[in-house]
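The values are calculated or read from the model by the stated rules, or taken from the named source; none is laboratory data. Please read these numbers as outputs of a predicted model, since none were measured by experiment. Note that each Cβ is placed from the backbone with ideal geometry, even for glycine, and that neighbours are counted across all protein chains shown. The protein model used for the area step is the full one, side chains on, heavy atoms only, and it has no ligands, DNA or RNA in it. Shrake-Rupley method; radii C 1.70, N 1.55, O 1.52, S 1.80 Å.
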Amino acid sequence: GSPAAATGNIVELIQRTGAGTAGNYLLYLSASGTNVEALKVDDGAVVFDETLTVTGACTFSSTVTYKHKTETVTEANVIAASESGTVFFLNNATEFASTLPAPAAGLHFTFIVTGAPAGADYTITTNAGANIILGMVVASTGGDEDSETSGCDTISFVGGKSTVGDKVDVYCDGTNWFAYGICDATGAITLTTAA
């Protein structure tokens, strides 16, 4: 049959009171017999609107649709590790700093200028001022604009030089941040150490 109302379900499992301990589940499936799978969905969409944690291997035999998380940033931004994978669009007449979280392997972020800085710089800094940014910047002409091989703490989209579309990607191996920048104008993105 059909659910009785717009909010109805054929089967509901709900736990709202009391508290469990680590390792307790509302629904637990275990199928270890030969040629037996624990769960199969033949028809209909499978919708998760909460965080999905997968600790085993994943096999996809069809199209996987993926969208980056995005955020338009207009003021100082202290980035959380939980935001890993986010594309930050930098857009404000008054430029500001974005602070990276503590290093952790696998963290990665993208920063794109959508409002060109004028009177000051957009900056991306390490937490606690650690000199752990390594990497390079190239310009649209193909030239090497800047590079850092010993470690710095600040990436700048330079006011009056950086333009809409300039971009920096940062990736963490657990110790350092590796930064790769692309810009249009000479000197538009710099890798420096704060005085």
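Mind checking which pairs have a first residue in the range 122-141 that is touching a residue at least 60 places away in the same chain (Cβ under 8 Å) and a second that is in a strand (DSSP E or B) and open to solvent by 50 Å² or more (accessible area, probe 1.4 Å), Cβ under 9 Å, 6 or more apart or different chains?
Asn131/Ser150
Taking the range 156-171, which residues are among the β-branched types (Val, Ile, Thr) and in contact with a Ser or Thr (Cβ under 7 Å, 6 or more places away or on another chain)?
Val158, Val164, listed by residue number.
When you scan the range 127-195 for strands (runs of 3 or more DSSP E) that lie fully inside it, which ones turn up with 3 or more residues that are exposed (fewer than 14 other Cβ atoms within 10 Å of the Cβ)?
The qualifying strands (runs of 3 or more DSSP E) are 144-152.
Being surrounded by 15 or more Cβ atoms within 10 Å (Cβ to Cβ) and either out of contact with any strand residue (DSSP E or B) (no Cβ under 8 Å at 6 or more places or on another chain) or in a loop (DSSP other than H, G, I, E, B) (or both) is the filter here; which residues of the range 93-104 pass it?
Glu95, Phe96, Leu100, Pro101, Pro103
Give me the residue from the range 108-147 that is of a type in the set (D, E, K, R) and at pLDDT below 95 and, out of that set, nearest to Gly187 (Cα to Cα).
The qualifying residue nearest to Gly187 (Cα to Cα) is Glu145.
Looking at the range 62-92, which of its residues are acidic (Asp, Glu) and either in contact with a Gly (Cβ under 8 Å, 6 or more places away or on another chain) or assigned to a strand (DSSP E or B) (or both)?
Result: Glu71, single match.
In the range 22-46, what residues are open to solvent by 100 Å² or more (accessible area, probe 1.4 Å), modelled with pLDDT of 85 or more and of a type outside the set (Lys, Arg)?
Tyr25, Leu26, Leu27, Tyr28, Ser32, Thr34, Asn35, Glu37, Leu39, Asp42, Asp43
Return the residue satisfying two criteria in turn: it lies in the range 85-95 and is modelled with pLDDT of 95 or more and not small (Gly, Ala, Ser), and of such residues it is farthest from Thr149 (Cα to Cα).
The selected residue is Asn91.
Would the range 51-65 turn up any residue that is open to solvent by 50 Å² or more (accessible area, probe 1.4 Å) and closer than 21 Å to Asp166 by Cα?
Looking through the range 51-65, none of the residues is open to solvent by 50 Å² or more (accessible area, probe 1.4 Å) and closer than 21 Å to Asp166 by Cα.
Residue by residue, here is whether (1) within 24 Å of the chain's Cα centre (by Cα); (2) within 30 Å of Gly115 (Cα to Cα) holds:
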position: Asn9; (1), (2): no, no
position: Glu37; (1), (2): no, no
position: Leu52; (1), (2): yes, no
position: Thr63; (1), (2): yes, no
position: Val73; (1), (2): yes, yes
